[in-house]
Amino acid sequence: MVDDGARIPAEGGSRTDLVISNVKQMIATGELRAGDRLPIEKELSARWGVSRGSLREGVRALATLGVLETRQGDGTYVTQLDPDSLLSPLGFYAELRNSDQSTDLLAVRRVLESESASLAATRMTEIEIESLESILSGIDQVLESDDVDPEAFIDADAEFHRRIANASANPALAAMIGSLMTRTLRARLWRAITERDSLGVAHSEHRAILDALRTRDPERSRIRMASHLLGVEEFAAAHPSGPDGTEGTGD
């Protein structure tokens, strides 16, 4: 049971904040586990000394964060608490950043992806390595076209980075990288259209990353990825926005 002190909201906090805090505590202590059903509203309202309205607001907030899910006619349940769901708000946060702040986020992405490449170098399977080769072979075909499709290049590029992140065998790391990647899709398209020569450069850098991964060399893989994404940061700093207002941040 949550102790009586939990019924008193922290200074400046609301009853809704109290509900959120108490649900988090129940999960942290193991009273509630992934997939468990929350006690009924009447019980929780009495237990925490809050109105049903405050309780519902807290539940809605936690549902938005991916912690809870309400099933019509069946109650409210704890989700599987997987990293993709819980860290998805990071992508929303990133979408709201202005041009100056987006450069900071790209620096974060560089740190995260460099580490994922280092981990993937020793953890990824031969099948995963060959899947990266398949992606890059597809990009070869895109670049050989007389009319290069920037969107096709960008989709393949994103998949290349996503698979390396997943191969790190660190779900939390992969989820954070995924959140930071999705926000830059339109900006990557803008870069690809306006800087056509950058497609070939990026592709050669992808090849260098894959070569490093094949050697199972963590430090070399880290350096290749860091160098690749540093170029993205530099482009973002030099081109803060496209003609439609999209941020010039992308790979």
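The values are calculated or read from the model by the stated rules, or taken from the named source; none is laboratory data. On a predicted model such as this, the values are computed, not experimentally measured, just so you know. Cβ: placed from backbone, ideal geometry, glycine included. Neighbour counts: every protein chain shown. Heads up: the accessible areas ignore ligands, DNA and RNA and are worked out on the full protein's heavy atoms, side chains in. Shrake-Rupley method; radii C 1.70, N 1.55, O 1.52, S 1.80 Å.
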Ranking R47, R56, R220 from most to least accessible area with a 1.4 Å probe gives R56, R220, R47
The correct ranking of I164, I127 by accessible area at 1.4 Å, largest first, is I127, I164
Sorted list, accessible surface of protein heavy atoms, 1.4 Å probe, largest first, for V23, V108 is V108, V23
Surrounding charge for E133, neighbours by C-beta under 14 angstrom, Lys/Arg +1, Asp/Glu -1, total -3
Over all viewing directions the Cα convex hull of the stretch 26-96 casts an average projected area in nm² of 5.6
Expected field for R222, accessible surface area in Å² at 1.4 Å probe radius, rounded to 10, holds 70
Simple SL model, points at 7 angstrom along Cα→Cβ for T122 and V108; separation in nm is 2.7
